[in-house]
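These notes are about the structure you will find just below.
The values are calculated or read from the model by the stated rules, or taken from the named source; none is laboratory data. This structure is a prediction, so every number in the text was calculated from the model and none was measured. Glycine gets a Cβ as well: all are built from the backbone with ideal geometry, and neighbour counts include every protein chain shown. Calculation scope for accessible area: heavy atoms of the full protein, side chains included, ligands and nucleic acids excluded. Shrake-Rupley method; radii C 1.70, N 1.55, O 1.52, S 1.80 Å.
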Amino acid sequence: TLGTQTDYRDGEAQTDPYSPEYVVPSGSIPELLTLATLTWGRGLPAGLAEVEMIERAREKRGWEATLPAMDSASRIAKRKKMMDDMERKEWAFREQEIEKLQEVRLEVLKKLLQRREENQNELDAKRLDDHWQNHQKAKEEKIKKIQHDYALKLRKLIAKRNNVMGKLERRDIIKEYTDFASQTYAPLSRIGYFPDNHSERYVVKNFYLNTFAGLCELEASLPDSVTQVKIKAPKPKYITTKTGFIKRSARLEVVLAQVHQALLEKKNKVKEPKKPLRFLEKVQKPVPRPPTPILEKPSIEEEETELAVICLQKLLRGRAVQNMMFEGKEKRLELIQELRTTHALQKDGQLLLKAEKQMTLALQQQHDLKMHKLSSAENHLAREEGRVLANIFDFLSKELVRLQEERKIHAFVMLAERQRRMREAEESGRREVEERRRQAEDEIFKQAREGGCTIESYLEDIILSSMESTAEEQAREEIQRMAVEINDIAYEMESRRTRLQSEEIVAELVYDFLIPEAEKMAIREKVRQSQRKHIHAAHQIIHRHTE
């Protein structure tokens, strides 16, 4: 009485078939063991390809059984010949299989190319639709703008036409209030009036709906049947058990009660009297049918005459159709001849067609031979051009690499030279420091020898001098380290710098150094000119007194 429904099929839950253990008796090789390489999912269940493979294996075993023994030279030669033939057949079969695989791959490639082309066509169509829609939107917007400008210009022209003389008119209040299309009743927003700004003035305000006192008064005016609803619970038609099932006896009782009620209604039903006619209706009688005509039987002579006339009509009509066909044949005689030559219904026509075909084939072969020669010449020229271009590009690439290497070596030489100069400068600084320290020590020893200072002052001078020298060395090392870091950062920025940044740096240098220097030189020249006036006047006064 119970059933289950799983979410999986039996095939989805099926595992690989069971392969029992087997024992091969000695001296026998079952054919089934040749299929031991086939497994479930890899050859099993067997299809058309597996059946063909089994048939080929059987044919090969039969052929191996027919091979002659190797006991004489003639049999050995025959065996070798049979093996060569079988090898050729196997190679031919293998070539056929390779061709089939290539055809399958070609079909797959064609489908992929077709699918890609369809997708590209769909994408192009979608892009064209988007482009067309954008143009349509731009067109609609332009049309709307033109219509708007047209309406604006038209209103201006109408207003200008109404007041051609340019006279100023006073406001006529009576005319505005009598005209319901005036600005008093229907103001325009372009003039500066927006009717939505004061929309609350048109809202209907009700005392009974917007205030609490009005709601209370409205509720008090309503009857009790509106506010206090009485709902009677329906009685159940059927008698149910605790578990919710209906008993059979209760169901029968309900059915019997319904039948009894239907019988009572049918028994007590009173026939309704027929309603009298409100108006007299006239019943129209149908139109009497005309009498059926009676056809008189014709005589035998009249029937023969009628048959003869009918036969004559058939002959005339057939002759007319024959004449029409003959006229159509005469009109379309050239077309019929062309069709006959096309279908080669005659021997002469067939010979002519064969000759034309041979001539066409000969011309086609000549054209193919000529095109083959041209293509071979073009291939040779393209090969030579490719070789020359490859040599040129190889030479240019090697020259480029050589130039880059030379520039790198030159840069390394410049860096090494700069490092050497820095080291020489450091060494000369150390020598100067050593000479100064030696002179200071000699002076200290000299003063100590003369007795002009005590041991404490001597030690204090030594400590101070050593502290100064140490601080100076540390400051020099820190400055050199910072100089190296700044140089590295500057070289890195210079390597990453573009042409625009170089131009900006040059412009800043010119603006910061050359322009202020030029201004200073101009100011100096002005000062010199002003001083020269005073010097010239003083010289004139001095020379005048001396004279």
For the Cα atoms of the chain, what angle does the longest principal axis make with the long axis of helix 333-343, in degrees from 0 to 90, nearest 10?
70
Heavy-atom accessible area of THR37 with all protein chains present, probe 1.4 Å, nearest 10 Å²?
120
Which one, SER457, SER189, LEU113, projects farthest toward the positive side of the charge dipole computed for the chain from Cβ point charges (K/R +1, D/E -1)?
SER189
In the full protein assembly as shown, how much of LEU101 is accessible to a 1.4 Å probe, in Å² to the nearest 10?
90
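Order LYS398, LYS160, most accessible first, counting only protein heavy atoms with a 1.4 angstrom probe. Kindly include the intermediate steps, with their values, before the conclusion.
Values: LYS398 125, LYS160 145 Å².
Reading off the accessible areas and sorting them downward yields LYS160, LYS398.
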How long, wide and thick is the stretch 47-154, going by the Cα atoms along their three principal axes, in whole angstroms, largest first?
120, 27, 10
Calculated SAXS-style log₁₀ I(q)/I(0) at q = 0.13 Å⁻¹ - the stretch 395-511, Debye, Cα scatterers:
-0.79
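Roughly how big is the chain's charge dipole about its Cα centre, with Cβ charges of +1 (Lys, Arg) and -1 (Asp, Glu), in debye to the nearest 20?
Values: 99 positive and 94 negative charges, 1094 e Å.
Result for the chain is approximately 5260 debye, rounded to the nearest 20.
With each run of n ≥ 4 DSSP H residues scored as -39500 (n - 2.57), what mean residue ellipticity at 222 nm is computed for the chain after dividing by its residue count and rounding to the nearest 500 deg cm²/dmol? Kindly include the intermediate steps, with their values, before the conclusion.
On the way: 14 runs with 389 residues, N = 547.
After summing the helix terms and dividing by the residues of the chain, the value is -25500 deg cm²/dmol.
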Apply the a/c threshold of 1.5 to the C-alpha gyration tensor of the stretch 16-94 and tell me whether it is rounded, prolate or oblate.
oblate
In the stretch 102-170, if every C-alpha pair distance is counted and binned at 5 Å from zero, what percent goes to each bin?
4, 13, 9, 9, 7, 8, 6, 6, 6, 5, 5, 4, 4, 3, 3, 2, 2, 1, 1, 0
Within straight-line cross-link reach of LYS357, lysines at Cα separation under 27 Å, skipping those fewer than 8 residues along the same chain
LYS347, LYS370, LYS373
So how much accessible area does SER249 have, in Å² to the nearest 10, using a 1.4 Å probe?
70
Evaluate the distance, in nm, between pseudo-label points positioned 7 Å from the Cα of VAL527 and of LYS282 along their respective Cα→Cβ axes.
14.1
Length gain on complete extension for the stretch GLU417 to ARG170, per 0.36 nm per residue less the alpha carbon to alpha carbon distance?
79.1 nm
For LYS144, counting only lysines whose alpha-carbon sits under 23 Å away and dropping same-chain residues fewer than eight positions off, the answer is LYS153, LYS156
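Relative contact order for the chain: what is it in percent, counting Cα pairs under 8 Å that are at least 6 residues apart?
Details: 52 pairs, mean separation 9.4, N = 547.
In percent, rounded to a whole number, it is 2.
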Between GLY43 and residues 5 or more places away or on another chain, which pairs have amide H atoms under 5 Å apart, with H built 1.01 Å from N, and which residues are they?
none
Which aspartates and glutamates does LYS81 reach when only Cα atoms under 16 Å apart count, and residues fewer than 8 places away in its own chain are ignored?
GLU64, ASP71, GLU90
Which length gain, in nm to one decimal place, applies between VAL51 and ARG201 when the Cα-Cα distance is subtracted from 0.36 nm times their residue separation?
44.5 nm
Rounded D (µm²/s) - the chain, Kirkwood Rh over Cα pairs, Stokes-Einstein at 25 °C, 0.890 mPa s
48
Tabulate in residue order the Karplus-calculated ³J(HN,Hα) for the stretch 214-219, using 6.51 cos²θ - 1.76 cosθ + 1.60 with θ = phi - 60°, rounded to whole Hz; enter x for Gly and Pro.
x, 5, 5, 5, 5, 5
Give me a comma-separated list of calculated 3J(HN,Hα) values for the stretch 258-269, in order, Karplus coefficients 6.51, -1.76, 1.60 applied at θ = phi - 60°, integers in Hz, x for any Gly or Pro.
5, 5, 4, 5, 5, 5, 5, 5, 5, 6, 8, 6
Can you bin every Cα-Cα distance in the stretch 306-398 into 10 Å intervals starting at zero and give me the percent of pairs per bin, rounded to whole numbers?
13, 15, 14, 13, 12, 10, 9, 6, 4, 3, 1, 0
